[in-house]
Amino acid sequence: YDGVASASFLRNWPRSAERKDEGDRVVQTVHWKDVETGLGVTATITVFKRYAAAEWVLHFENTGTQDTPILANIQAIDAQLRTGYARKPAVLHQLAGDVCAERSFLPMDTALEAGKPVAFAPVGGRPSNGAFPFFNLEYGDEGMITAIGWSGQWAARLERSGAGPTRLQAGMEKTRLTLHPGERIRSPRILVMPWQGDRRAAHNRFR
């Protein structure tokens, strides 16, 4: 925001939270607000009781009387995954996406090596054109399935460090904008499901 990473200032913004039990899920809503510019940020997080899964979506709203500073490179998820020792294999399982040919939606496996980031995005603003927004990062006998809920152009990137952990980032591609007073936008929806044991059983739980 205004050229500064949110990790350095968001913790200092006034914050409030609400929690609701909705039967098979718990929904928590967290609000932050910048008192100087009027930008409000809301995270709506759903945790499922039956499955070890959570999803969230972010909203940004200009509650002030002037245009906000520039919002850029919004990552709906920016997380460090515990992929352990760098020499322990980590494999990205994904689908090819629709390429209007026999390769459409074929499964692909990519070894995630330290210092060699893997980035992927669809083409032309169509969410499964050439890339698929569901993928699974496996390390040892565990991993995490991630889904990006967005009807347009999204992008994802995974980079494993030399120490072993992997940074996962995903969101709308090429975000750079200002909000006029009263304008409100949302991020892609993210769903994650960590798993242990059999990968095929994890895929069935996810489905």
Using Cα-Cα distances under 8 Å and only pairs 6 or more residues apart, what relative contact order does region 134-184 have, in percent? 24
Any idea what log10 I(q)/I(0) is at q = 0.13, 0.14, 0.21 Å⁻¹ for region 48-207, Debye with uniform C-alpha scatterers and no solvent? -0.67, -0.77, -1.39
When the solvent-accessible surface of protein heavy atoms is calculated with a 1.4 angstrom probe, in what order do 183, 18, 102 fall, highest first? 102, 18, 183
Each residue of region 85-95 in turn: what ³J(HN,Hα) in whole Hz from Karplus with 6.51, -1.76, 1.60 and θ = phi - 60°, glycine and Pro shown as x? 4, 4, 7, 7, x, 10, 10, 8, 9, 8, 10
Which one of 155, 111, 76 has the biggest mean-square fluctuation once the chain is modelled by GNM with Cα springs under 10 Å? 111
Which value, in debye to the nearest 20, describes the size of the charge dipole of region 10-148 about its Cα centre when Lys and Arg Cβ atoms bear +1, Asp and Glu Cβ atoms bear -1, and nothing else is charged? 280
Any idea of residue 24's accessible area? Nearest 10 Å², probe 1.4 Å. 90
So, with a 1.4 angstrom probe, what is the percent of accessible area on region 25-182 that is carbon and sulfur? 54
Would region 7-84 count as rounded, prolate or oblate if I go by the C-alpha gyration tensor, calling it rounded below 1.5 in a/c and otherwise prolate when a/b exceeds b/c, oblate otherwise? oblate
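Which net charge results when you count Lys and Arg as +1 and Asp and Glu as -1 among the other residues whose beta-carbon is under 15 Å from that of residue 166?
On the way: positive: 82, 87, 88, 116, 157, 160, 167; negative: 78, 113, 138, 142, 159.
That works out to +2.
Exactly which chymotrypsin sites (Phe, Trp or Tyr not before Pro) in region 24-87 are in a DSSP loop and have at most 13 other Cβ atoms within 10 Å?
Taking region 24-87 and a limit of 13 other Cβ atoms within 10 Å, the loop chymotrypsin sites (Phe, Trp or Tyr not before Pro) found are 51, 85.
The values are calculated or read from the model by the stated rules, or taken from the named source; none is laboratory data. Quantities reported herein were computed from a predicted structural model and do not represent experimental measurements. Note that each Cβ is placed from the backbone with ideal geometry, even for glycine, and that neighbours are counted across all protein chains shown. Please note that ligands, DNA and RNA were not included when accessible areas were found on the heavy atoms of the full protein model with its side chains. Shrake-Rupley method; radii C 1.70, N 1.55, O 1.52, S 1.80 Å.
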